[in-house]
Amino acid sequence: MKKKKISTILLIILIIIATISLIYASVNIYKWYQDSRKIKNLTEEIEEIVEPVEVPDNYQVVETETPPEDNPYWDYLKVNLLDVDLTELKKINPDTVGFLQVKGTNINYPFVKTTNNSYYLAHDYHKSYNEAGWVFLDYRNDIKKLGRNTIIYAHGRADRSMFGSLKDVLNKSWYNDLDNHIIRLSTESKNTLWQIFSVYHLKTTNDYIQVNFENDTEYTNFLKMIQDRSVYKFNTSVTTTDKILTLSTCYNSSEKMVVHAKLIKFQDK
């Protein structure tokens, strides 16, 4: 009788635990979909406000190691820059510092900057609490004075919002389309074009988000490290004279997804 009573109690405890777990999971799923819905509405709101303009002329080529004539670099120099007026966006969120577009993905968003790298992990473009977060610039970077490594982060959402589609760059079909290998940024002071030279995922680390380098040797070693990690070879040289852009998101719970590109041309506004 005693054993039966203990078994009954254990069964009741297990049922209670299972019920609590189910409720907890249901609440989280509901919150996830609510966050996604808010991000979708925000994206649609931004699309009604933003009118990206293709800018074909009056650009400056960044001094770099001259690639061979058959290198796609020369075709990328012909790609129009993207110009976005941030005035109306800054009325919505004064933290807005630029607009980011990555070819061959869904990434087409304004990005923000604040005094840390944690706030926009859980706040959306309206600064409302939202675990989907928003696209943001590393607080150590100055978007007006591009340093050696400019870093932009966002969550890798399963619904492909934010940087959820950044994983697409690992697909062979993305890589085989040479038109995809560029990133365009528009800020208040510049329109810029970047050529991708490395894409990969790896165990979570912070070695690729270094922004300050003591000397050219340290920077050279850094560039070699991130280029050697690439899943694909882009036939693109990167030297100490280059400035790079880094996009970072989660690949899964223990890995990061990373894209690096170098600045090849710009236009002052």
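Okay, residues lined up against (1) of a type in the set (Asp, Glu); (2) more than 25 Å from Asp75 (Cβ to Cβ); (3) assigned to a loop (DSSP other than H, G, I, E, B):
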{"residue": "Asn221", "(1), (2), (3)": "no, yes, no"}
{"residue": "Lys224", "(1), (2), (3)": "no, yes, no"}
{"residue": "Gln227", "(1), (2), (3)": "no, no, no"}
{"residue": "Val238", "(1), (2), (3)": "no, no, yes"}
{"residue": "Thr246", "(1), (2), (3)": "no, no, no"}
{"residue": "Met257", "(1), (2), (3)": "no, yes, no"}
{"residue": "Ile264", "(1), (2), (3)": "no, no, no"}
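For Gly104, are the conditions met, namely being closer than 14 Å to Asn191 by Cβ and touching a residue at least 60 places away in the same chain (Cβ under 8 Å)? So Gly104 does not fit the description; no. Would you confirm, using the coordinates I've provided, whether Tyr153 is out of contact with any helix residue (DSSP H, G or I) (no Cβ under 7 Å at 6 or more places or on another chain), under 19 Å from Leu42 (Cβ atoms), surrounded by fewer than 19 Cβ atoms within 10 Å (Cβ to Cβ) and not β-branched (Val, Ile, Thr)? No: the conditions fail for Tyr153.
Of the candidates Leu193, Leu223, the single residue that is surrounded by 17 or more Cβ atoms within 10 Å (Cβ to Cβ) and either without any contact (Cβ under 8 Å) to a residue 12 or more places away in the chain or touching a strand residue (DSSP E or B) at 6+ places or on another chain (Cβ under 7 Å) (or both) is Leu193. How about region 186-216: which of its residues are among the hydroxyl-bearing types (Ser, Thr, Tyr) and part of a strand (DSSP E or B)? Of everything in region 186-216, those that are among the hydroxyl-bearing types (Ser, Thr, Tyr) and part of a strand (DSSP E or B) turn out to be Ser186, Thr187, Thr192, Ser198, Tyr200. The set of residues in region 122-139 that are touching a strand residue (DSSP E or B) at 6+ places or on another chain (Cβ under 8 Å) and either over 17 Å from Leu185 (Cα atoms) or not aromatic (Phe, Trp, Tyr) (or both) comprises Ala122, His123, Tyr125, Tyr129, Asn130, Ala132, Gly133, Val135, Leu137, Asp138. For region 219-246, a tally of residues being within 25 Å of Tyr59 (Cβ to Cβ) and either charged (D, E, K, R) or touching a Leu at 6+ places or on another chain (Cβ under 6 Å) (or both) returns 3.
Screening Lys144 on (1) in a loop (DSSP other than H, G, I, E, B); (2) charged (D, E, K, R); (3) free of Cβ contacts under 8 Å to residues at least 12 places away in the same chain; (4) touching a Ser or Thr at 6+ places or on another chain (Cβ under 6 Å) shows it passes everything except condition (3).
Quick note: the coordinates plus some simple rules give every number you see, no bench work behind them. None of these values were measured; they are calculated from a predicted model. Using ideal geometry, Cβ is built from the backbone for each residue, glycine included, and neighbour counts are taken over all protein chains shown.
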